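Everything below concerns the one structure shown next.
We did not get these values from a lab; they are worked out from the coordinates using the rules stated. Values in this document were obtained by computation on a predicted structure and should not be read as measured data. Glycine also receives a Cβ, built like all others from the backbone with ideal geometry; neighbour counts cover every protein chain displayed.
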Amino acid sequence: MDIRAHVSMVFHLDKCIGCHTCSIACKNIWTDRKGTEYMWWNNVETKPGTGYPTQWEDQEKYKGGWEKKNEELKLKLHSKLGGLGNIFYNPYLPTIDDYYEPWTYDYENLFNAPEGDDQPTARAISMITGKPMDSIEAGPNWDDDLGGSPLYARNDVNLDELTDDEREQLNELERVVFFYLPRICNHCLNPGCVAACPAGAIYKRGEDGIVLLSQEKCRAWRMCISGCPYKKTYFNWASGKSEKCILCYPRLESGQPPACFHSCVGRIRYLGVLLYDADQIEKCASVPDHELVAAQRNMIQDPFDPEVIAAAKKNGISDAMITSAQNSPVYKFVKKWQIALPLHPDFRTLPMLYYVPPMLPVLAKTKDGNYDVDGLEKEGLPAMLSSLEKARMPIKYMASMFSAGNVQEVEDVYRKLIAVRIFKRAQKVKDYQQADVDAALSQGKTTAEEVEAIFRLTALPTYEERFVVPPLGREVAVEAWEVPLDHKREAGFGVRNKIAKRKF
Amino acid sequence: MTEDKKPSPIFRRIMPFLILGAGLAFMAGTFRVVSAMPPNQTDGEALFTAKGCNACHTIGGGDLVGPDLAGVTERRTEEWLTNWLTAPDQMLASDPDAQAMLAQYNNVPMPNLGLTPDEVAALIAYMGGGATTGGATAELPTGDATSGKAYFVGDKRFENGGPQCMSCHSVAGLGAALGGGSLGPDLTTSGFVQSDAAFASFMGAPSTQTMGAVWANTPLTAQEQADLYAFLSKASVTKRDPSALLQITLLSVVGAAVLIGLAQVYWGKRSKGVRKPMIERTLAAKK
């Protein structure tokens, strides 16, 4: 058992209102520089939709992530020899058009325009060419609120699993449905970007698992951009280096959550430490598709288990880190309650950002001015919240996104979430019978205590409960390979204030 | 942190001055070394050999690669000679007399030897002084063209380890189109190979910058010179077949087309983009 600590994340999609505050917080801190205009380390997409860059989930086009070839785990992008052949000419990169052409507006004109017959306007100006744009054809969330549909939403890769009938139904007026998917770097346990980089510029920090891209070692091959199936590394055309989300590690190191977490209006984001068994990584990434979620969950270890704690300590994980893992909200969502799932586990990168899938409204028709949930009485189920089969967005779609097509995993999550709703509704509104509540609890394979705990951490969590930022101890971790005092500069001619070298 | 021994306060105070002083002393030293360089040579006869004039010229011994210099001070004005010796490359660009002479001597240009004004004056004085040098220094033995070709392409090594001619020069009669390197002049029509005396005299101690540097420490033997001369003066070598030029043009065009075609087959799908084709496909499906 090789126990390591990982700063991990949960996004609760039910709470996301799609306001893009997270994206703006990130943009203002990290990507407001020259060459980063088109980058959104944090972006929010509308689903169903094609996302940013367009159809990033379609690995037949972008060749990101891993695949199993002859029982071996291989990069989908290329073999070592193939990578050498394509090194000057990677054929699977997204073009700038697949992201979008970044633009600003000519605000000056509103103040400086000469007097004329019409009001002055602020024309869109391309941030690439600096010239006015005649039409804006795409943006980082062009699908927003079905704005780009049906051209975009119907091309969502996850809809491939659905039958033609089901796909058609999604476009019926009463059934139209969408939800938001905020995305940052998943800081994967088996990252495709790291494996694809020919320069060895990308690495996973040992003490917290944050995946970073060295701006000194990057040689602009751009293989990471293809290698990452989530398209979360970006090429800066001004610096000639690739860049990616750094999970705001300077903030984490000073005890603050990352900016996108901190600024989230819906408070959908949770951050905490997971302890995992690194020995299982390869095995876990190689299991058949339908076992991926379970295998990944299995890799996460119980931070209260004395055996795990002993193994963690043997690996140099501090007591404070272990305490932090015990308080981690991520551990609860992912392992204890099992209601958070990784995004596209089928890419086999073992992402460490988990999503609680959204509870979309069930299908209803109006009858005599009231909503009538179709056919519920026949099934003997309580109205409104319980009918998973009548969910507007087919479970198969969610399974394609969150469980590599394993419908059972997604159903288990939803049954539990429904149990929480019914339990609390029976408590507050009192329009469910105790029998209904018990039935929902047993269907959700849960208990009243667990449901109450889920409710509290979902609806009423405090800042400290949402963000359990561990003491990263960077100053200690760095001493593993460097003597910090070596970097302290000498003064004058080097004679007057010579720093004594520390001996280890 | 421990600071065991600090320099004494007085020493610390004067240290910057000591360093400054040491720096100045060092600079003064370099200056003296520069000024101690040997003075300009004023001995024209020695210069004529040292600068390699004799590789191409005689005084009263007949033309070699370049003209016989006997009586040159009467044929040309002193000003013209001074300009010519100082910067022959500039004269060739502007002076019609110089250009006519270049044509007369098989387009072998006089190299710029980087002479100082003193050296130029010394050389003119020497040439006007009525001195003579001999003709070509030694008779070449009988050469073997086959062996010369082997030397040229590098099948046979030069005794003193010099590089094969082909690495810098090309010549007709080697294969079809690609006859060698292009750093040095094409030897097919070169004036260096006009007479065995000129060839031997030049190859004995080449005075041009590149050739001089290459051959100074690895001189050719007399037999090697003779073999090379025999090869280079063969009829098939001294004239380039026009069809060879056509051949090389065709080869490059076809080669480029094949490479582009291969790249297109292998990388053709690159950077087609995803969004635009997707939109076009969707719109087409609707119709």
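Numbers for the structure displayed
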item: Debye log10 I(q)/I(0) for region A:93-224, one point scatterer per Cα, at q = 0.10, 0.13, 0.14, 0.15 Å⁻¹; result: -0.63, -0.91, -0.97, -1.01
item: In sequence order, calculated HN-Hα J values of region A:191-202 (Karplus, 6.51, -1.76, 1.60; Hz; x Gly/Pro); result: x, x, 5, 5, 5, 7, 5, x, 8, x, 8, 9
item: Cysteines not pairable in chain A (beta carbon separation under 4.7 Å absent); result: A:C16, A:C19, A:C26, A:C188, A:C197, A:C218, A:C248, A:C264, A:C284
item: Residues B:L183, A:L274 arranged by fewest to most Cβ contacts within 10 Å; result: B:L183, A:L274
item: Karplus (6.51, -1.76, 1.60) ³J(HN,Hα), θ = phi - 60°, over region A:155-160, in Hz, Gly and Pro reported as x; result: 9, 4, 5, 5, 7, 4
item: Under-5 Å amide H pairs with B:A205, H placed in peptide plane, nonlocal only; result: none
item: Residue among A:L460, A:M393, A:M223 farthest towards the positive dipole end of the protein assembly as shown, charges placed on Cβ; result: A:L460
item: All Cα pairs of the protein assembly as shown, percent lying beyond 36 Å; result: 64
item: Per-bin percent of Cα-Cα distances, region B:180-229 [5 Å]; result: 4, 20, 27, 32, 16, 1
item: 3J(HN,Hα) from dihedral phi, region A:42-47, Karplus parametrisation 6.51/-1.76/1.60, rounded to Hz, x for glycine, proline; result: 10, 9, 10, 10, 9, 10
item: Cα gyration tensor, region B:44-128 - rounded (a/c under 1.5), prolate or oblate; result: rounded
item: Radius of gyration and Dmax over the Cα atoms of region B:145-238, both given in Å; result: 12.0, 33
item: Residues A:K390, A:K445 arranged by fewest to most Cβ contacts within 10 Å; result: A:K445, A:K390
item: Convex hull per residue volume in Å³, alpha carbons only, for region A:1-133; result: 231
item: Exposure proxy ranking, count of Cβ atoms within 10 Å, fewest first, for B:D89, A:D117; result: A:D117, B:D89
item: When the convex hull of its Cα atoms is projected in every direction, mean area for region A:124-196 (nm²); result: 8.4
item: Per-pair calculated FRET efficiency, R0 = 41 Å: B:L262 and B:N112 via Cβ, rounded to 0.05; result: 0.35
item: Segment A:D160-A:Q256, length gained on full extension (0.36 nm per residue, minus Cα span); result: 30.5 nm
